[in-house]
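These notes are about the structure you will find just below.
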Amino acid sequence: MDIPQKIDKIIAARKKQLPKIEASMERTAAAKSLIERLDRFRSASAQDGGVGAMMQANQEFAEKLESISTDKFYDKYMRTEQLLKDLYKRFERDEVHISFVGRAGQGKSLVLQKISGLPGSIIPSADGSDCTGAKSVISNSPGAETKAEITFYSESEYFAIINKYLETIFKTATYNVFSMEGVVSLAQRFPELAKQVPYTQAVETSLLNHLEKYVRHAGELRELLGRHVMVPEAEIESYIAQYQCGDTSHKYFRYLGVKEARILASFPCAQCGKIVLEDTIGIGATSLGVEDAMLETVRQDSDAIIYMLRPDPCRPRLTKDDYTTISKISDEVGPEYARQMLFWLINRVEEGKGQNSGQIPEIMEQLSKQDLPVAQCLNVNCWRQDEVETELLLPVLNQMSAHLAEIDAFLIRRTNEQLAELENEFKKISSRIEGSLRFSINRNIQHEFEQKYFTPTTQHMTNEVRELYRRYGMECGQPCTLLEDRAEIKLKNTLLCVPKTDEIITMLNDGMIHTFDILETLAEKIRVHIINDFLDLNPTLHEMVLEMKRSVVHLLAAEDIGRLGFVVEETDDPEQWLDAMMERLEDNPEFQRIYGALKALRAFDLRMENFLIYKVRICLTPLDWSMRGEIPTIKTIKDNPMSPDKPQLAEEVRAVLKDIVKSVHDDIRAELESHYVFPNEALFAVVRDFFDRITNAGEAHSNMEREWRYLYEGLIPVMWPEEYRSYQKDQYAHEEWNDFTAGVRACAEERYFFIK
Amino acid sequence: MKMPDMPDFLSVFQNLGNKPAEGNKRPAAGKNLEIHVVMMGGRRCGKTSVLAAMEDCLQRTIYKYTNITCYSDDDMTLQTLREKKSEMDAYFIDRRGRSFHPDSTPTSEVAQYSFCIGLRSPKRTKDSGHINLIFHDYPGEWLLNRRDDLKEIVEKSRIIIIAVDTPYMMEEKGRYNRHRNNCDEISNALIQTGFANGEPGMILFVPIKCEKYRNPTGRNSKKMLQVCNAIKSAYAPLLDYLTKSSECFAAITPVFTLGDAVFSDFERDENGDIIEDKEKIPRQANYIFTDNAGDAPNPQFCEQPLFYILAYTLAMAKRAKEKGGLFSGIQNAFQENILHWPSAEEYLGEYQVLCEKISETLHSDNGYEIVSSCNWIDLNQKP
């Protein structure tokens, strides 16, 4: 697959993500509109009816809603919204973009000429001077005639540019303009205003020069503002350059009104494919907002970024400004992105004015020693078309085609991380809203539901939990047959872990073990093998714990028992359910006992490390001569220490180890037999403890009753929706509130906002 | 060794304990006393090895502490025991590796081994009496398919030695014990015969091949105590029966026939499962030589059963002497025999020595335990 085909594939893959990004944008916008709705509720009055009236009638309810802070959510939302928009814009493109950034006069436009094949009259570049007027975007359009699509600022945008200059220069908005008449008036007063800027203020003076251009030529540009025109090749220069190519006395001003010039041309390199070259105004140009515009281009409009530097022959070194710009670009796109898609191009001038080729090797060496957030540092004679193609364009295209897909995935991940933060803020608000639900419900309804539904539900649920711990209690004191059976397998494995005679001979021949410490080495291997094998019983223990938790969760969640499955849907993973339920209750002080009960249940686990593995380890003492102090005598070695017969040695060592391992096996078995009851005892104890916690938590029984009542009160619309509707008198307010809370609940699902 | 036909074999016992003819005076010098001991136990559990090892130990023990002599003048006995001893020696002499497995071919014939027990005394003459100790070994199948014959033998014996193949009792939670050691059949046989019911008798439980449990490498150092407990559990019906009879003395007295070779494990297949024969007991038991194993076995405590037998014999004599008058059965025999020997007093003098030697080892932790005591013998368990 060649580069253009790879680029096509990347673009196609991006398009497929657009519906997902769009869906995420819709969902986040829906969440935002819910929060805005909450704000409207809070600012509504009783006369407005609806939820406002509910709040007026119920002070507790009002206080609960008033106490919810939404500032952080909006803050996160703005950032998230921008990220999603940027992402959408990037993935919506029909091409991949390469941006050229750098200080004025570094050769950006020259490189663009070489890549695009366009002459200097269209992409103006002068020897080291700043000639580009407007931002240009050059699209490869194979086989097409060169032309440009010019977009002008709107009037209001033009006025905003003028006003920004005025505010920066004069530090006041007094002189701001909002109409063409205002601009004309400003032009008349300009000399007078200019006198207010002392010549010593160099920056302001320079900005004043630029401002004057905008003001003086506003009249000429009036007809063009807000328009969108197509121009042929011959006229392009007059729209984007500051002066005619080759004649600096012939100045142009239309660039002042150009927002963007999109030039379509057929690039000479066949490997280009669907690429767009983004030219930017040189950093350091004295017009306002240049750096901000560059960073915005980098963030929004760039796939690859090429930072250009033409070292000064008199001062051939990297400056602080260079490193600062690289850092700013890296911060803007993220270091991970920069390391794949940011290129540092050193413009090598071989002859004539500005010749710097002698200094380039030193600069390249300096760059190679540093850990910069760039993909590659390129050394290119930008005057040579062939070198621009082979040493710049093709490496960049190769890098892009190889890594853009992973960069796109990284951008989606990064956006999802931001969405996760937004989700977190939303969930905080939603849990507070859930917490206020109880107060939104009419007291009479609460009382009715308590009699008819809460009390029977909690009684039924706690009774079921009691039955559960009784069932576990009957097995208390009995050995756990599952663990016993699995342990038997492990016990049998211990007898098989002594290497066979031929394996020992092979290890001796390979030098993996040595005669002088053969017993210790093999014993060590056996010890580790046995321990690891017994640790393998952990999944068995954990499955028993999960089964218990599953039983408890079912009692809490089932529709005909605890009904909490209406709040968090019951799944096969009880720990996930417990986590979700705990998350809902965590920040609410009214449910701390229930939260505590769930937390204790969630935290429980059975592991070999907790009780059994140390017993097994102690039983390995016969295999540990550092503890016994007396290694068995191997007769084969004793008879011939220098060169014992290996087969005989192997046989003897195996016989000794087998004998000891048998003894270890018997000891482990004896030790384990007294511990097989432990899992059943532990499971009983946990369920019993859970029952105690959900019924009295070590305090008055009434405290737990109240806590359960509060919990169910707040969940009436969720858990008994039909019954609730039939009780509601003020249909409108409650419908509005129900609709709102249903929307909040829907948006509070895990990963709801994510691009997925 | 005699290989009598069944009628002759039984007549030996029929003559034992007969009352003297009325009017007959007691002879001035008694004929030699015959004590019959029946060896019971599973097939190929090591009954003959016990005798061979016992004979081997005599030199270092009985002669060292007592004036009693013990020898066999029966060529067949000597030959058989020598062959058995050679077989045990061969495990050590011919060893090529660290492990071996004993031959498991069972005996198929009845065997009888005779020993002469005498006194080492300057007063001894050709008329000095001696005790003929006759051990009867029978094939293990008799427990299953010749019970009536076995019953007759038991009824005529006063001493029973029950050999127990200890690894089969202790390993794998003892699941092979019943099949290997025939505990139930032995218990039933002895209970059905009414052994020692009204007559003094002695049962010795002799666990063999228990070197592993004497010097365990594992964490549990009280394995010999567990051996005792396992025997008591396996033969519980018999022991319950014996406690109702005040005349039967029973003890556990382990012997270590090899000494420096210990049981290691039963042979297992590649999956770690024990390889069993068609009778569902392990096909092969593997043994391993200890670090300090030499070129010959190192049997220990193998004289203990003989000590008990002699102590029983002399206890009977002492009792007969103390009670005087006409007695039945065994006491009559003693009256006729040992008490009329010129060396009778000397024999009775050795009784105390024997009891002391036996008492030195009577510790449950060592595996030695009296499981049914009687007032006719001065042997008590050490606390």
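The values are calculated or read from the model by the stated rules, or taken from the named source; none is laboratory data. Not measured: the values here are computed from a predicted model. Every residue, glycine as well, gets a Cβ built from its backbone with ideal geometry; the counts of neighbours run over all protein chains shown. Note: accessible area is taken over every heavy atom of the protein model, side chains too, but ligands, DNA and RNA are not part of it. Shrake-Rupley method; radii C 1.70, N 1.55, O 1.52, S 1.80 Å.
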*Straight-distance crosslink candidates among aspartates and glutamates, where the alpha carbon sits under 18 Å from A:Lys72 and sequence neighbours closer than 8 are dropped*: A:Glu36, A:Asp39, A:Glu81, A:Glu417, A:Glu421, A:Glu423, A:Glu425, A:Asp587
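If packing is taken as the average count of other Cβ atoms within 10 Å, what order do A:665-675, A:475-485 fall into, highest mean first? The partial results should precede the final answer.
Working: A:665-675: 18.0, A:475-485: 15.1.
Ranked by mean Cβ neighbours within 10 Å, highest first: A:665-675, A:475-485.
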_Please compute, for peptide A:662-674, the average count of beta-carbon atoms on other protein chains lying within 10 Å of each residue's beta-carbon._
4
*Would you mind telling me the share, in percent, of accessible area of the range A:339-434 contributed by carbon and sulfur at probe 1.4 angstrom?*
45
*Rounded to a whole number, what % of the accessible area of the range A:577-617 do carbon and sulfur atoms account for, probe 1.4 Å?*
47
*Rg over Rh, two decimals, the range A:406-474 (C-alpha only, Kirkwood Rh)*: 1.33
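Quick check: convex hull of the Cα atoms in the protein assembly as shown, volume per residue, rounded to a whole Å³?
Values: hull volume 335.3 nm³, N = 1139.
It is 294 Å³ per residue.
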*Measure nothing fancy, just the Cα-based angle from helix A:3-43's long axis to the longest principal axis of chain A, in degrees from 0 to 90, nearest 10.*
80
*asked:* Along each principal axis of its Cα atoms, how long is the range A:590-728 end to end? Whole angstroms, biggest number first, please.
replied: 98, 30, 21
*Rounded to a whole number, what is D in µm²/s for the range A:327-381 from Stokes-Einstein with the Kirkwood radius over alpha-carbon pairs (10 °C, 1.306 mPa s)?*
130
*Taking each pair of different alpha-carbon atoms in the range A:504-592 once, compute 1/r for the pair, average those values, and report the inverse of that mean as the Kirkwood hydrodynamic radius in Å to one decimal.*
17.3
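Based on a Kirkwood Rh over C-alpha pairs, give the Stokes-Einstein translational diffusion coefficient of the range A:442-572 at 4 °C and viscosity 1.567 mPa s in µm²/s. Intermediate results must be reported in sequence, preceding the final value.
Numbers: Rh = 19.8 Å.
The estimated diffusion coefficient comes to 65 µm²/s.
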*What residue among A:Tyr712, A:Tyr175, A:Asn610 has its Cα farthest toward the positive end of the dipole of chain A, where the charges are +1 on Lys, Arg and -1 on Asp, Glu, each on the Cβ?*
A:Tyr175
*Reachable lysines from B:Lys223, Cα under 25 Å, same-chain residues fewer than 8 places away excluded?*
A:Lys490, A:Lys492, A:Lys615, A:Lys658, A:Lys662, B:Lys47, B:Lys173, B:Lys209, B:Lys212, B:Lys232, B:Lys357, B:Lys382
*Grab the eigenvalues of the alpha-carbon gyration tensor for the range A:1-71, scale each by 5, take roots, and send me the semi-axes largest first in whole angstrom.*
49, 10, 7
*In the range A:1-124, what is the volume of the convex hull around the alpha carbon atoms, normalised per residue and reported in Å³?*
182
*Rounded to 5, the percent of DSSP beta bridges in the protein assembly as shown classed as antiparallel*: 45
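Quick check for you: with a 1.4 Å probe and neighbouring chains kept, what is the accessible area per residue of the protein assembly as shown, in Å²?
Details: 50810 Å² over 1139 residues.
It amounts to 45 Å² per residue over the protein assembly as shown.
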*Buried accessible area for the A:B pair, summed, 1.4 Å probe, in Å² rounded to 100?*
2000
*Out of every Cα-Cα pair in the range A:130-208, what percent are more than 20 Å apart?*
50
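Considering every Cα-Cα pair within the range A:397-442, what fraction, in whole percent, is farther apart than 17 Å? Could the numbers behind the result be given before it?
Numbers: 608 of 1035 pairs.
Counting every Cα pair in the range A:397-442, those more than 17 Å apart make up 59 percent.
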*Mind ordering B:174-187, A:570-583 by average Cβ neighbours within 10 Å, highest first?*
B:174-187, A:570-583
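Can you tell me what percent of all Cα-Cα pairs in the range B:128-270 are more than 22 Å apart?
In whole percent, the share of Cα-Cα pairs in the range B:128-270 beyond 22 Å is 44.
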